[in-house]
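**Student:** To start, I am sharing the structure in question, which I have written as C-alpha cells.
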Amino acid sequence: MVCSLALTAVSLPVAVEATDYDSQIKEQDQKINDLKTKEQEAEAALSAIEDEMLEIAAKVDELTETKSTLTDEIKALYNEISDLNVRIQKRDVQMQKQARDVQVSGNGTSYLEVLLNSESISDALTRVQGLTTLVNANNDLLEQQTIDKETVEDKTVVVEDQIAALEKATNDLNAKQASLDTLKIQQEIAKNELEAQRATEESKKSEFIAQKEAAEKKLAAEKEAQRKKQEEAERLAQEILASTPTTNVVEEDGTTTEIDTPPVQENNSNNNAGNSNNDTSIPGSAGEVSKAKQAAISAALNDVGNSYPTGWGAQGECLVSVRRWLNAGGINFAVGDPHSGYVASGATQVSWGQVQPGDVVQYENIFTPSGWIGGVHTVLVVGVENGVVQIVEANNPGGSGFVSTTKGWAPAPPSSFRAVVWRFPG
C-alpha cells in the first residue's frame, strides 16, 4: 500500500509516459523539418538546372539559326568557288589555244623582227600595237588566273574553318544538354526520395501522437482509480480510528489531543507475516551503529503511537516521518522524489541481506523510480536480531497518519514495485 493515498493522488504524474512520447514527437518534428529543408534545397537545385537547360536550349536555337545562315553563305561560297574554277578552266583552255596558234602561225616574233619586216612606220606601229595587245591580254589572263586560284584557296579555308567551328559548338552544347538531362533526372529522384522519407517520418509522428493520447487516457484512468482508492482508504481509516482506544495526536500547530488509534494487528498492510506491537524499547542491535543513527532510531520509537495530519508534505506521511527521525539524529535526508532524495543525501544501496539498524527501505516503481505512484512506501529499520527485522513506519494504513512498529517485518512491494535498502552516511 502507498504510505498516503492522498499524497499519491495529488502528485501522480499524469504524463509520465506522455513525456516520452513528447520527446519522440519533438524528434520526429526535427527530422521532418530537416527533410523539408533538404527538399527546398533539392527544389532550388532542380530549378537552377532547369534554368541552365533553358539557357542552353536558347543557345542551341541561336546556334541552329546561325548554322542555317552560315549554311546558306557556304552554299553561295561554294557556288562562287565553282564559278571561279570554271573561269580558271576556260582561261587554261584559251591560253593553251593561244600558245598553239603562236607555234603554228609562227607569230612568236620579237618586236625587232616586227619593225624590220614592216613596210612603213605606220605598218610597224600597227604591228607593234597588235603584238602588245596580245602580250598584255596573255599577261592579264595569267594574273587573273593567279588571283582566282588564290581566292579559291582562301575561301575554301574559310569555309572549312567555319564548318569545323560550327560542328564543335554544336557538339559541346549537345553534350552539355545531355549532361543536364541526366543531372535533372538524378535531382528529381533525390527530391522524390526526400518527399517519401518525409511522408514516412510524418506517419511515425502521427503514430506517436496517437500513442501519446492513448497513454494520457490510460494515466488519467489510473489517476481516477487512485483517487477512488484514496477515498476508500480514508473512509476505512476513519472507521478504524472511530472504533479504537484513544491516543495522543499531534496537530499541525503543535498541540496534542486525544483520538482513537488503530488496534494492534497480526498482519500489517504490507501483507508481511510479522507481529505489529507497541514495543518501543531500543533493540540491542541498535547499539552496533553510530550515535547519529541510534538517535534517529530513538526518535522513531518515541513517536510510535502518535498520529499526524496527512497530505502533501504533512508530518503524517511515511517519507516525511522518516526524514524527521533521521534529522533528529543529525542525518541529512534531502527533499526529493522516492529516488533522487537519497542520491542527493549521499545514501547508497545495499542488499536486503546486509540490512542493519538505521537503514531505510523504500518501495519504488520499477519503471518510474522517481514518480509518486500508488505503491510508494518508506520505513525505517530500527533493529535486526538474528535475522528478525523491526521497523517503524508512519501512515499505515494510508490516510491515518499513525506511527507504528513491527517486528519480523520483510519487504512485500506491490506488483511493478521493488524494495530498495538505502544506507545513509553518518
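**Student:** In segment 352-364, is there at least one residue being open to solvent by less than 40 Å² (accessible area, probe 1.4 Å), polar (S, T, N, Q) and part of a strand (DSSP E or B)?
**Tutor:** Yes, segment 352-364 has at least one match.
**Student:** For segment 173-191, which residues satisfy the criterion of being closer than 30 Å to D34 by Cβ and either in contact with a helix residue (DSSP H, G or I) (Cβ under 9 Å, 6 or more places away or on another chain) or touching a residue at least 40 places away in the same chain (Cβ under 8 Å) (or both)?
**Tutor:** Across segment 173-191, the qualifying residues are L180, D181, L183, K184, Q187, E188, A190, K191.
**Student:** Can you pull out the residues in segment 376-395 that are more than 22 Å from K291 (Cβ to Cβ), open to solvent by 10 Å² or more (accessible area, probe 1.4 Å) and in contact with a Gly (Cβ under 8 Å, 6 or more places away or on another chain)?
**Tutor:** Hit for segment 376-395 is V388, nothing else.
**Student:** Is it the case, given these coordinates, that A221 is modelled with pLDDT of 85 or more and not charged (D, E, K, R)?
**Tutor:** Spelling it out, A221 is indeed modelled with pLDDT of 85 or more and not charged (D, E, K, R).
**Student:** Do we have G330 as open to solvent by less than 20 Å² (accessible area, probe 1.4 Å) and either without any contact (Cβ under 8 Å) to a residue 24 or more places away in the chain or part of a loop (DSSP other than H, G, I, E, B) (or both) here?
**Tutor:** For G330, the condition - open to solvent by less than 20 Å² (accessible area, probe 1.4 Å) and either without any contact (Cβ under 8 Å) to a residue 24 or more places away in the chain or part of a loop (DSSP other than H, G, I, E, B) (or both) - is not met.
**Student:** If the Cβ limit is 9 Å and pairs must be 6+ apart or interchain, which residue in segment 406-426 that is free of Cβ contacts under 8 Å to residues at least 12 places away in the same chain and under 20 Å from V388 (Cα atoms) pairs with which residue that is among the β-branched types (V, I, T) and surrounded by fewer than 17 Cβ atoms within 10 Å (Cβ to Cβ)?
**Tutor:** Short answer, once both residue conditions are applied: none.
**Student:** Looking at segment 375-416 only, could you name the residues that are of a type in the set (S, T, Y), assigned to a loop (DSSP other than H, G, I, E, B) and in contact with a Leu (Cβ under 9 Å, 6 or more places away or on another chain)?
**Tutor:** Passing the criteria: only S400.
**Student:** Any idea which of Y342, Y363 is closer than 15 Å to V420 by Cβ, at pLDDT 90 or above, of a type in the set (S, T, Y) and in contact with a Ser or Thr (Cβ under 8 Å, 6 or more places away or on another chain)?
**Tutor:** Y363
**Student:** Mind listing just one residue for me: the one in segment 372-403 that is small (G, A, S) and in contact with a strand residue (DSSP E or B) (Cβ under 6 Å, 6 or more places away or on another chain) and, of those, modelled with the lowest pLDDT?
**Tutor:** For segment 372-403, the residue satisfying everything is G375.
**Student:** Within segment 189-215, track down each residue that is acidic (D, E) and open to solvent by 70 Å² or more (accessible area, probe 1.4 Å).
**Tutor:** E193, E207, E213
**Student:** Only one of V320, V304 is open to solvent by less than 60 Å² (accessible area, probe 1.4 Å), closer than 22 Å to T406 by Cβ and assigned to a loop (DSSP other than H, G, I, E, B); which?
**Tutor:** Just a single option satisfies the conditions, and that option is V304.
The values are calculated or read from the model by the stated rules, or taken from the named source; none is laboratory data. Note that the coordinates shown come from a computational prediction; the quantities given were computed from them, not determined experimentally. Neighbour counts run over all protein chains shown; Cβ positions are idealised from the backbone, glycine included. SASA here: full protein model, heavy atoms, side chains in, ligands and nucleic acids out. Shrake-Rupley method; radii C 1.70, N 1.55, O 1.52, S 1.80 Å.
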